[in-house]
Amino acid sequence: MKSSPEVIVLTENPALQDFAKECFGDLCMVYPLNPTEKDLQDISGISPGVIIVDTKVYSKNRAIQKDKLGCNLLILIGEPESSLEGRDFDILLRNPFDLLILKEMVLQCATPSDRTDEEPLKTYLFELLKRLSNALEEAYHKQTLLDSVLDCISSGVIVTDLDGRIIMANPEAKNILKDIEKEIEGKLLADILGKERADRILRPQKDRPHPYRNELVLHLKNGKALILGYTTTERKSPTGKITGKIISFRNLTELKELQYEVEKLNRFSMVAEITSAVAHEIRNPLAGIRAMAQAIDEALPEGNPHKQYTQRILKQADRLNDILKSFFNYAKPPAPQTRPVGIADILNDIEPLIANSLNKKSIKFVKKLQPGLPRVLFDPTQLQQVLLNLILNSIDAVEEGRGTIEVMAELIKDFYRAGDKVIRIEVRDNGAGIPEHLQERVFMPFFTTKPWGTGLGLAVVKRIVEENGGKIEFTSKPGKGTAFSIYLKAENGNENRHKMPVS
């Protein structure tokens, strides 16, 4: 090595030491440790053209100063660990490989010259070097900003080359596609989504605009569907040459499910209006029929064989009137008179009403209420109607002599938001369960598996629960039973803040 090196490197990083030696060869001297005061005096005596300092060493040693070391150029390499404000240096290169870009100019600035006509060139190179380093720093900040934006946006972003190979994917893209492929970077989009889907995304038809927007449905291994809305844009070089595609996409599955629920509610609302109108038209003539049948029945003497017909008319008229009441309850339920009500009190009122049905089928009825359970905010009459309906459904579902029905209630804190207090009431049975292909229709009006049912019981239950600001859901396993869970706001549980999300 020369006795008077033109480039001195101060770093404790072995990789950077080797890189500097490879980059500058015999023109370079490396100090492998944090330089002592004597080392700095020796360096000052050498008066090298360029000193390159690892930012870690520079942060720890404030004695490293350009004016004291007598160099033309002081370059810092690496990511600063602390603020460099007020420190004396010329250039910061965060990426060591940037030295390869600037190597020749660094050497020109480092090499001493006896010719005065070369000084303007050196000054120009020095200024150019600073401009280039500033441009690299600006590019670094832009890249950091871009990375931060891509990391925090709620859309997935994928960049591909012309072959459709993924060269970059942001965290949200990886998260959305994690159930399809865990590692997506470096792989062909066709291998992840299938050739046909990848072609739709990457090679839009000529008559399609750019950027091109569309939706895509992917079927996952667990049987669920993933709905993606995506936009494809051409990726171009600074000269305008197409180099690949940029695909941004969002998971629309929940949004589509919500839209479906809204459409379903709109259909139900229309059905409710029609039902109400039809029920109203039927109710008036039905009242007349029943009144006339009642009059005929009373006019017939006891023992008259025709009396059995009038009794049947009256019975069927009463049954039809009960059905009409169900229609009205679903179409126009009364506004809830919400107030604090105890679940134990409601169950105590219900037990005498179901005792006969329980005894007939020898059903075991179990109550499991958490001690000290707060009251719920609900219309008492409507809560009794809801629980009675669910329990009666369970009675119908279980086998005679082998049935068990459990009613459980517990307090859940911070259910929806911090501070919320919610009571979960569960009605569980060990009955036949609901077939899987019918489960999504359980709360639909007029759906029933019973030969005598109207199909409005659970539809009315769901509507009442939601009108009172609650939520209802169920789980069912065919052959093992069904459990309906109702989530209701507890007294003093931020009851006036928010309704729970509708199931």
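None of the figures in this text is laboratory data; all of them are computed from the coordinates on show. It should be emphasised that the depicted structure is a prediction, and the values quoted were computed from it without experimental measurement. So basically every Cβ, Gly included, is an ideal-geometry build from the backbone, and we count neighbours across all protein chains shown.
Quick notes on this one:
- Put simply, when 240-246, 51-57 are sorted by average Cβ atoms within 10 angstrom per residue, most first, you get 51-57, 240-246.
- Approximating the spin labels as points 7 Å out from Cα along Cα→Cβ, the Lys236-to-Lys315 distance works out to 8.3 nm.
- Calculated FRET efficiency for the pair Glu254/Arg94, C-beta based, R₀ 56 Å, to 0.05: 0.90
- Note on Thr381 and Ser47: the extension gain reaches 110.8 nm, defined as 0.36 nm multiplied by sequence separation minus the Cα-Cα distance.
- Sorting 33-46, 213-226 by average packing, meaning the other beta carbons within 10 Å per residue, from highest down gives 33-46, 213-226.
- Packing-based order for 172-179, 147-154, using average beta carbon neighbours within 10 Å, highest first: 172-179, 147-154
- Per-residue HN-Hα couplings for the stretch 161-177 [Karplus 6.51, -1.76, 1.60; θ = phi - 60°; Hz; x = Gly/Pro]: 8, 5, 7, x, 8, 6, 9, 7, 9, 7, x, 5, 4, 5, 5, 5, 9
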